[in-house]
1. Considering only protein heavy atoms, what per residue accessible area in square angstrom results for the stretch 1-89 with a 1.4 angstrom probe?
2. Distance from a point 7 Å along Cα→Cβ of Gln130 to each backbone N in the stretch 1-45: keep the residues under 19 Å and list them by number.
3. What list of ³J(HN,Hα) couplings, whole Hz, do you get for the stretch 120-130 from phi and the Karplus terms 6.51, -1.76, 1.60, once you set θ to phi - 60° and write x for glycine and proline?
4. Name the long-range amide H neighbours of Val111: under 5 Å, sequence gap of 5 or more, or other chain; modelled H, no Pro or chain starts.
5. Let me know the whole percent of all Cα-Cα pairs from the chain that are separated by more than 26 Å.
6. How far apart, in nm, are two points set 7 Å out from the Cα along the Cα-to-Cβ line at Ser14 and at Tyr73?
7. Sticking with the crude label model, points 7 Å out along Cα→Cβ, report the distance from Thr43 to Val88 in nm, one decimal please.
8. Charges at C-beta only: +1 for Lys and Arg, -1 for Asp and Glu. How large is the resulting dipole of the chain about its Cα centre, in Debye rounded to 20?
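The values are calculated or read from the model by the stated rules, or taken from the named source; none is laboratory data. None of the values given here were measured: they were computed from a predicted structure. Cβ placement follows ideal geometry from the backbone for every residue including glycine, while neighbour counts extend to all protein chains displayed. The area values use the complete protein model at the heavy-atom level, side chains included, leaving out ligands, DNA and RNA. Shrake-Rupley method; radii C 1.70, N 1.55, O 1.52, S 1.80 Å.
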Amino acid sequence: MKTIKVVAAVIKSSDRIFATARGYGEYKGWWEFPGGKIEEGETPEEALKREIKEELEAEIEVGELIDTIEYDYPTFHLSMDCFWCRVVAGELVLKEAEAAKWLTKEELDTVKWLPADLSLISKIRVEMEQ
């Protein structure tokens, strides 16, 4: 099975995190943390900064690695490095996603997460409670 290496930004602002709804493909309308594929020669942090600039027109600061999620979708294996991030310049503008929300820890279960992203929610909730 093919492995796809991606990065995801858990963008935090005070007591909320930013989530986007996928605007295309098989999982259109499902929720995820923004990010994308790591290109040849990029570090995960560089890939994340580039992807957020492309998808959301904002500059982010990449913080601590939350976890690396390994998940088997029907046609590929996903390896996703998930980082705490914060916006340092610009506004979050949706270029690819169909919707976005700022969620509190109490609202994390109110959206339909992509399966790989769902496995990160409990860790995020614990961090948000501290």
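1. Details: 4600 Å² over 89 residues.
On a per-residue basis, 52 Å².
2. Zone members listed by number: 9-18.
3. My calculation for the stretch 120-130 gives 8, 4, 4, 5, 5, 4, 4, 4, 6, 7, 7 Hz in order.
4. Those lying under 5 Å, H to H, from Val111: there are none.
5. Everything past 26 Å amounts to 13 percent.
6. Rounded to a tenth, the inter-label distance reads 3.5 nm.
7. For Thr43 paired with Val88, the spin-label model returns 1.2 nm.
8. Details: 17 positive and 28 negative charges, 59 e Å.
Dipole about the Cα centre, nearest 20: 280 debye.
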